[in-house]
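Taken together, the values in this text are just the output of simple stated rules run on the coordinates, not laboratory data. Treat the numbers as computed from the prediction; the structure is a model and nothing was measured. In this analysis, Cβ positions are derived from the backbone assuming ideal geometry, glycine residues included, and neighbour counts consider all displayed protein chains.
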Ligand SMILES: Nc1ncnc2c1ncn2[C@@H]1O[C@H](COP(=O)(O)OP(=O)(O)OP(=O)(O)O)[C@@H](O)[C@H]1O
């Protein structure tokens with residue numbers, strides 16, 4: 001038993017030992033297995049950590065992507081806004097164009113209306129012209145007839161005066177004054193026998209001598225009666241004849257009364273001038289007259305200007321000398337000539353002269369009898385019908401008392417005065433005598449008086465002499481002297497009176513008239529031409545504006561088209577990218593496999609998918625690259641189809657569809673959210689984002705502003721690059737089309753000059769800029785964004801630059817990852 005037991009025990013022991021061995025072996029195996037498991041566990045843990053890390057990175061990446069997509073959506077939103085602005089500006093432009101067209105139509109209608117008007121006016125003008133010509137002929141005929149009539153009238157009038165005598169003598173006898181009446185003076189004139197100009201001088205009640213004059217005015221004669229016969233001389237002056245009216249006679253016989261008169265009874269001076277203005281007024285439509293009056297006195301053979309104030313007299317007196325200014329024309333240089341336009345002015349001048357004469361002496365009457373008072377009325381006349389000009393003079397002379405000639409028993413100053421008066425009055429007598437005997441020499445220069453009156457005492461003038469006499473028998477001697485002198489004067493036969501024609505004035509007038517006519521006609525023609533030219537210019541201007549506007553609209557449309565295409569391509573590219581990523585995810589290997597082959601897959605991505613994406617990313621500028629069968633529009637967070645034809649033809653509808661930009665931005669997010677959890681290869685695919693410029697491609701922050709041809713060259717360079725990447729024909733032609741559109745647009749932009757064009761150019765610049773923004777997001781053209789911005793203000797540049805810097809920072813950050 002024991003042995004058996006022992007054997008059993010032994011067996012058991014051996015079994016146990018074997019078990020033990022087995023268990024030990026198992027333990028060792030278990031231990032080794034445990035070790036293996038531990039190692040595996042470690043590896044797994046490490047793998048898990050890596051996976052977590054990778055997951056974290058991917059989450060970060062995802063966040064960055066989301067933000068990037070957000071920024072892209074924001075950019076798209078901006079572009080959509082920009083587009084809406086473009087559309088609104090386009091709408092404005094279209095509206096303006098419509099208005100302009102309407103205006104153009106209106107203007108065209110106006111122009112045609114004006115043309116018709118002009119034609120009517122021309123017709124009317126020719127009719128009027130023919131009427132005017134008829135009237136002008138009639139007028140000319142009437143004028144000739146009138147001129148002929150006027151000439152005849154003048155000639156007849158002059159003949160009448162000539163028949164009456166160019167030198168006429170009126171005798172006027174003053175009434176006896178109160179002193180004489182009181183003294184019981186007897187009359188020396190037989191007033192009862194006065195008829196037909198005959199005057200009989202009586203002495204001691206018996207007729208002594210009979211004198212014959214042109215008119216005899218007795219004591220009862222009024223100033224107006226006297227002037228009635230004097231008035232024709234005034235008409236003669238206006239007809240261009242020189243006239244001299246003088247009063248001769250003994251002191252106190254009424255010379256001054258006849259010539260000057262009193263305030264109540266105006267004399268010849270005032271009345272003659274009144275008559276002058278009366279006739280001038282009557283002839284005002286046919287003649288133009290200028291009247292000036294001078295007042296002077298000849299005292300002691302010196303001429304004194306009565307219109308110069310007393311203080312200036314001393315200096316003026318020396319200078320006043322008589323000068324011959326032409327054939328038979330005499331003038332006193334420096335003599336004041338007062339221009340008078342009406343009788344008030346005439347009265348002022350006459351009063352001034354009278355006052356000046358009075359100031360010169362303490363006894364006015366005494367002084368007046370010792371000097372010759374002379375008024376010279378100068379008349380310039382112009383016949384408005386034929387331009388005939390005349391210059392004539394009217395002398396109104398109040399002579400010094402004639403009785404002084406006989407008085408020689410005076411001394412000193414009075415003697416000198418008397419001698420001078422004697423000299424001048426005897427000189428006047430000599431002149432008249434010489435004229436009477438038709439002497440070859442007329443001694444005009446023997447005295448200042450005759451020298452002054454030379455023009456009006458010669459053969460071609462008319463002279464009226466008032467011989468003033470006293471009725472007092474005590475003055476008989478003086479009266480007879482005066483009457484004898486007057487009779488001598490009346491006996492002079494003056495030659496035919498000549499009109500004082502100013503031929504140079506006539507010639508000048510005719511030349512001036514013809515020049516004026518020419519000027520008026522030229523002016524009329526020029527005005528008509530200017531009106532037509534102005535209308536033409538308006539038409540051209542409107543046409544030009546219309547053309548420009550049409551061109552601008554076309555340009556803007558093409559810009560918009562390009563912009564729309566680019567934006568669409570941009571969105572398409574994004575979608576394509578997403579699709580590509582999704583495809584990549586679908587074929588992505590399991591986590592462990594990817595871990596083992598991470599480097600390899602990374603390289604594959606770099607060499608394969610990545611490159612493909614890069615290629616795709618450069619494509620969007622071409623029309624056909626990655627173009628979906630139907631274009632998509634973002635509306636209410638979902639992508640909608642827009643018919644491109646409808647969009648082109650009806651931009652407003654298209655705009656309305658595109659307007660909700662916020663929803664457009666949101667619409668991008670679900671696409672991102674639908675993407676599965678990112679993986680390492682997928683992350684690698686995101687590295688070379690289209691907007692990420694390589695270090696070589698990164699544009700400097702500020703480029704110098706390129707010239708327009710440079711930009712065109714850049715576009716030219718840029719477009720073929722796209723076409724190379726996208727070989728299909730359509731893409732090539734699209735690229736060329738785009739290139740040509742851009743080039744044309746830029747060339748036009750360069751040509752713009754007018755303010756309107758500049759305004760449009762500003763709009764175009766904005767457009768170009770936007771185009772560049774959209775191009776710039778493709779990498780290479782990013783630099784052009786800065787170029788475009790370089791044209792704007794500093795703030796805008798800064799904003800754009802900041803925005804780009806942000807984008808670049810994102811991209812650089814991604815590259816670093
Ligand atoms: N026809 C007349 N009717 C009324 N009064 C007259 C007339 N003629 C002269 N008298 C008066 O006679 C006076 C002298 O006249 P007035 O002074 O005109 O003479 P005179 O010839 O000019 O003298 P003098 O040579 O001194 O200047 C004046 O008072 C004037 O009023």
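Structure data summary
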quantity	calculated
Region 409-479 and region 106-144: distance between their alpha carbon centers, rounded to Å	66 Å
Cα shape, region 62-117, gyration tensor, a/c 1.5 rule	prolate
Residues 347, 86 arranged by fewest to most Cβ contacts within 10 Å	347, 86
Near-label residues of region 449-470 by backbone N, under 11 Å of a point 7 Å along Cα→Cβ of residue 300	none
Potential extension, residue 31-residue 103 segment - 0.36 nm per residue separation minus Cα distance	15.6 nm
Cα gyration tensor category, rounded, prolate or oblate, for region 1-114 with a/c compared to 1.5	prolate
Stretch gain in nm, segment residue 347-residue 554, where the contour uses 0.36 nm per residue and the Cα spacing is subtracted	66.1 nm
Highest average packing first - 74-83, 566-575, 231-240, 51-60, Cβ atoms within 10 Å	231-240, 566-575, 74-83, 51-60
Cα centroid separation, region 39-72 to region 230-303 (Å)	131 Å
Residue 22 versus residue 43: modelled label distance in nm, points set 7 Å from Cα along the beta carbon direction	3.1 nm
Bins of 5 Å from zero: percent of alpha-carbon pairs in region 170-289	2, 10, 17, 19, 17, 13, 9, 6, 4, 2, 1, 0
Pairwise label distance in nanometres, residue 434 with residue 186, each label 7 Å out on the Cα-Cβ vector	4.3 nm
Extended-chain gain in nm, criterion 0.36 nm per residue less alpha-carbon gap, residue 229 and residue 281	16.7 nm
Theoretical FRET efficiency, 1/(1+(r/R0)^6), r = Cβ-Cβ of residue 121 and residue 153, R0 35 Å, to 0.05	0.25
